[in-house]
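Where a number appears in this text, it was derived from the coordinates with a stated rule and is not lab data. Quick caveat, the model's predicted, so the values are computed rather than measured. Positions of Cβ are backbone-derived with ideal geometry, glycine not excepted, and every protein chain shown enters the neighbour counts.
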Amino acid sequence: MAVVTTQTLRMVFKNESGSNFTISLDNPRDDATAAEIGAAMDTVIAKNVFLTPGGALVSKQDVKIIDRSTNDVYDPV
């Protein structure tokens, strides 16, 4: 049985209507700092990179790095 561990960086923003908008990135750098991630989010907001159904992104809401382990219990031959 093979166990695979992956990480996902989840950045949550608020848009003009007050709804959440999430951007998820697989396999973030292990040495990424909170300051770097916050600065990247600030750039996304300032450059108006995404237009959501609820309008432009206006603020940072949350950031998480999610670790996920997957156990491959069956592998067809």
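From the list Asn48, Asn71, exactly one residue is among the polar types (S, T, N, Q) and not in a strand (DSSP E or B). Which is it? Explain how you work it out, then say what you get.
Working: Asn71 fails: not in a strand (DSSP E or B).
Of Asn48, Asn71, the one residue that is among the polar types (S, T, N, Q) and not in a strand (DSSP E or B) is Asn48.
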Subject >> Pairs, first within 12 Å of Thr22 (Cα to Cα) in the stretch 49-71, second outside any strand (DSSP E or B) and small (Gly, Ala, Ser), C-beta under 7 Å, six or more apart >> reply: Lys60/Gly38
Original post:
Inside the stretch 11-21, can you point out the residues that are in a strand (DSSP E or B) and surrounded by fewer than 15 Cβ atoms within 10 Å (Cβ to Cβ)?
Top reply: Asn20
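Being among the hydrophobic types (A, V, I, L, M, F, W, C), closer than 16 Å to Thr8 by Cα and surrounded by 10 or more Cβ atoms within 10 Å (Cβ to Cβ) is the filter here, so list the residues in the stretch 22-77 that pass it.
Residues of the stretch 22-77 among the hydrophobic types (A, V, I, L, M, F, W, C): 23, 25, 32, 34-35, 37, 39-41, 44-46, 49-51, 56-58, 63, 65-66, 73, 77.
Within this subset, residues satisfying the condition of being closer than 16 Å to Thr8 by Cα are 23, 25, 32, 34, 37, 40-41, 63, 65-66.
Residues satisfying the conditions are Ile23, Leu25, Ala32, Ile37, Ala40, Met41, Val63, Ile65, Ile66.
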Original post:
Which residue out of Thr52, Thr22 is over 28 Å from Val4 (Cα atoms) and among the hydroxyl-bearing types (Ser, Thr, Tyr)?
Top reply: Thr52
Original post:
Considering only the stretch 25-49, how many residues are farther than 16 Å from Gln7 by Cα, more than 12 Å from the chain's Cα centre (by Cα) and of a type outside the set (Val, Ile, Thr)?
Top reply: 7
